[in-house]
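> Handing you a structure now.
The values are calculated or read from the model by the stated rules, or taken from the named source; none is laboratory data. All values reported here derive from a predicted model rather than from experimental measurement. Every residue, glycine as well, gets a Cβ built from its backbone with ideal geometry; the counts of neighbours run over all protein chains shown.
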Amino acid sequence: MKHTARRSGLTAALLFIVLAVLMLAARCCALPAAPAGEKRITVSVTYADGTAEHFEVSTRADCLKEAAEAVLTLEGEETAHGFTVYAVNGAEADFRKGEAYWAIYADGVYAQSSADRLPVFDGGSYAFVYERL
Amino acid sequence: MKGSERGVSGVRRAREIVRLGLCAALLFVLKAALAPLPNIEAVTLLVILYTLWFGRGALLILCLFVTLEGAVYGFHLWWIAYLYVWAVLWLAVTLAGRRERSTLFWAALGGIFGLSFGFLCSFPYLAAGGIHTMLGWWAAGIPFDLIHGFANFALILVLFSPLDSLWKRVNGPKTK
């Protein structure tokens with residue numbers, strides 16, 4: 001009985017370690033590192049009324065926040081999930097108020113992380129979009 | 001005779017209700033006390049122990065705990081996940097607890113639950129914003145899930161046996 005209990009404990013511990021490694025790998029795949037050097041990217045903002053602004057940016061920054069701040073004013077705070085954007089160019093979309101938030105898209109796909117953790121790639125297009133909750 | 005039996009049963013039930021209430025309060029207070037440490041909590045350890053000690057009674061503790069969490073911190077999207085996430089742990093412990101298990105097993109189960117916590121909590125985001133929102137939210141929180149998993153593993157490995165032994169010494173081996 002004790003032998004079985006010990007074996008199931010070891011199996012569960014092994015499963016725990018395998019799951020942790022898989023999650024680490026998933027995280028690394030989800031967020032590849034930005035390449036070094038100059039990158040030309042497009043940064044867009046879509047406001048609550050549907051109007052949009054587009055900017056061509058040349059940057060050596062690694063993450064979207066740093067690159068976008070060359071043309072945009074981003075307001076927000078560091079949270080457990082990275083820099084959370086509450087306002088872009090003064091236009092507020094604060095999810096804490098339960099109405100809307102600033103969604104981030106990379107090449108048209110909903111971003112996998114916050115603006116300060118999202119790597120930028122040459123030729124990439126990045127968008128801040130006002131979205132209602 | 002029947003009256004005295006009813007009296008004893010009433011006292012026992014009252015004692016049980018107080019005990020479950022205190023256990024829920026302990027969950028809530030310990031969670032608040034450890035809140036400054038990111039994703040390091042004693043809730044998983046206590047839910048595992050409560051499930052093993054009280055069986056279905058632990059569900060009542062979870063109901064009280066989840067209601068308290070919502071009442072104090074607000075009934076936001078995360079709270080919807082709280083409605084089922086702790087019940088998932090209860091179910092896993094109930095099923096696994098049918099056999100004799102080692103402390104290492106419970107530590108690993110708590111660890112796996114910690115690792116899965118973000119994924120389990122991401123389902124309300126599937127309903128709110130679709131699969132990309134759900135996966136984005138989950139992927140962004142993976143580092144915190146890893147902390148959660150390893151913290152659960154370590155905490156349960158260290159505290160499970162002493163707390164379980166203490167409980168059994170005070171209450172006897174069968175308390176369900």
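> Could you please let me know if A:Val109 is of a type outside the set (D, E, K, R) and either surrounded by 15 or more Cβ atoms within 10 Å (Cβ to Cβ) or in contact with a Cys (Cβ under 9 Å, 6 or more places away or on another chain) (or both)?
no
> Restricted to region A:66-97, and to residues that are touching a Ser or Thr at 6+ places or on another chain (Cβ under 8 Å) and under 13 Å from A:Tyr126 (Cα atoms), which residue is surrounded by the fewest Cβ atoms within 10 Å (Cβ to Cβ)?
My answer is A:Glu66.
> I've got another one for you. For A:Ala25, work out the one condition from (1) of a type in the set (A, V, I, L, M); (2) in contact (Cβ under 8 Å) with a residue 12 or more places away in the chain; (3) exposed (fewer than 14 other Cβ atoms within 10 Å of the Cβ) it doesn't fulfil.
In the conditions (1) of a type in the set (A, V, I, L, M); (2) in contact (Cβ under 8 Å) with a residue 12 or more places away in the chain; (3) exposed (fewer than 14 other Cβ atoms within 10 Å of the Cβ), A:Ala25 misses (2) alone.
> Tell me which of these B:Arg12 doesn't satisfy, since it passes every other one: (1) touching a helix residue (DSSP H, G or I) at 6+ places or on another chain (Cβ under 7 Å); (2) modelled with pLDDT under 95.
(1)
> So B:Glu16 fits all but one of (1) among the acidic types (Asp, Glu); (2) surrounded by 20 or more Cβ atoms within 10 Å (Cβ to Cβ); (3) not in a loop (DSSP other than H, G, I, E, B); what number is the exception?
(2)
> Does B:Ala87 count as of a type in the set (A, V, I, L, M), within 19 Å of B:Ala58 (Cβ to Cβ) and assigned to a helix (DSSP H, G or I)?
For B:Ala87, the condition - of a type in the set (A, V, I, L, M), within 19 Å of B:Ala58 (Cβ to Cβ) and assigned to a helix (DSSP H, G or I) - is met.
> If I filter region B:104-152 down to residues being more than 7 Å from every other protein chain (Cβ to nearest Cβ) and not in a helix (DSSP H, G or I), which single residue comes out as farthest from B:Val47 (Cα to Cα)?
So, considering only residues that are more than 7 Å from every other protein chain (Cβ to nearest Cβ) and not in a helix (DSSP H, G or I), the one farthest from B:Val47 (Cα to Cα) is B:Gly130.
> Another question, then. Which of the numbered conditions does B:Arg98 fail, given that it passes all the others? Conditions: (1) of a type outside the set (Phe, Trp, Tyr); (2) out of contact with any helix residue (DSSP H, G or I) (no Cβ under 8 Å at 6 or more places or on another chain); (3) not in a loop (DSSP other than H, G, I, E, B).
Among (1) of a type outside the set (Phe, Trp, Tyr); (2) out of contact with any helix residue (DSSP H, G or I) (no Cβ under 8 Å at 6 or more places or on another chain); (3) not in a loop (DSSP other than H, G, I, E, B), B:Arg98 violates only (3).
> Filter region B:57-76 for residues that are of a type in the set (Ser, Thr, Tyr) and within 13 Å of B:Lys31 (Cβ to Cβ) and give the result.
B:Tyr73
> Looking only at region A:39-48, decide whether some residue is without any contact (Cβ under 8 Å) to a residue 60 or more places away in the chain and either in contact with a Pro (Cβ under 9 Å, 6 or more places away or on another chain) or more than 8 Å from chain B (Cβ to nearest Cβ) (or both).
Keep residues of region A:39-48 that are without any contact (Cβ under 8 Å) to a residue 60 or more places away in the chain, which gives none.
So far as region A:39-48 goes, no, none of its residues is without any contact (Cβ under 8 Å) to a residue 60 or more places away in the chain and either in contact with a Pro (Cβ under 9 Å, 6 or more places away or on another chain) or more than 8 Å from chain B (Cβ to nearest Cβ) (or both).
> Turning to a different aspect of this structure: Across region B:70-103, what is the total count of residues that are within 16 Å of the chain's Cα centre (by Cα), within 13 Å of chain A (Cβ to nearest Cβ) and under 15 Å from B:Gly55 (Cβ atoms)?
Final tally of qualifying residues: 5.
> Given the conditions (1) within 14 Å of chain A (Cβ to nearest Cβ); (2) touching a residue at least 40 places away in the same chain (Cβ under 8 Å); (3) small (Gly, Ala, Ser), which single one is not true for B:Gly57?
The failed condition is (1).
> Just to be sure I understand, how many residues within region A:39-65 are modelled with pLDDT of 95 or more, of a type in the set (Ser, Thr, Tyr) and surrounded by 18 or more Cβ atoms within 10 Å (Cβ to Cβ)?
Looking only at that region, the number is 1.
Yes or no, residue by residue, for (1) closer than 20 Å to B:Pro38 by Cβ; (2) among the small types (Gly, Ala, Ser):
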site	(1), (2)
B:Cys63	no, no
B:Gly74	yes, yes
B:Ala87	no, yes
B:Ala96	no, yes
B:Glu100	no, no
B:Gly111	yes, yes
B:Gly114	yes, yes
B:Phe119	yes, no
B:Phe123	no, no
